[in-house]
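First up is the structure itself, then whatever we jot down about it.
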Amino acid sequence: MSGNTALEVYLTGLRNQHLVETQAIGTLQNEMAYTKDYPELHGRMQMDKDRSTEQAARLEQLLERHGTSKSYFKEAVGGAVATVAGFAHAVSNDDVLKNVLAAIGYKAYEIASYKALIALAEAAGASEDRTVLEHSMKEEQEMGDWLGEHLPGLVRSYLEKQAA
């Protein structure tokens, strides 16, 4: 693959990951309203939302470093999708459990996306971007690990609230 092709694929990947982070921000914002009865989860979701905001900003900086920017059309469509997804879960009795399970899967996707971006950066000759991408990937891994470790306790807490 030529350097130009690798760079084009890498830049598309950065734009796509920016959209992923933007969607995560919207989804987290929608879901946080349903986690107020779970203070630790609520706090972690707020932290994750803040991290996603920082990650999106870092991705924008990487795009600017390479002389391009995010896709405004994709961002608009992605924001609408996140809003609709939030409304779709709003009527569900077990929304907290569904959202945590979905978040665990989403974290796995984000981690894999950052791993792919690191490989693409290397192929595109943008190895100076690696540190930024690894930082974001580690943040996603931390949240994914936290969710996985706390899932049994969240399930127990949910059942207690249902029995009350």
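Structure values in brief
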item: In nm, spacing of pseudo-spin labels at ALA164 and GLN141 (7 Å Cα→C-beta vector); result: 3.7
item: Linear extension gain, TYR109 paired with GLU40, 0.36 nm per residue minus alpha-carbon span; result: 22.5 nm
item: Extension gain (nm, one decimal) between ASP50 and SER127, 0.36 nm per residue minus Cα-Cα; result: 25.1 nm
item: Two-decimal log10 I(q)/I(0) for region 3-163, as the Debye equation yields it once each C-alpha is a single scatterer, q = 0.15, 0.20 Å⁻¹; result: -0.80, -1.24
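No value in this document is a laboratory result; all are computed from the given coordinates. All values reported here derive from a predicted model rather than from experimental measurement. Positions of Cβ are backbone-derived with ideal geometry, glycine not excepted, and every protein chain shown enters the neighbour counts.
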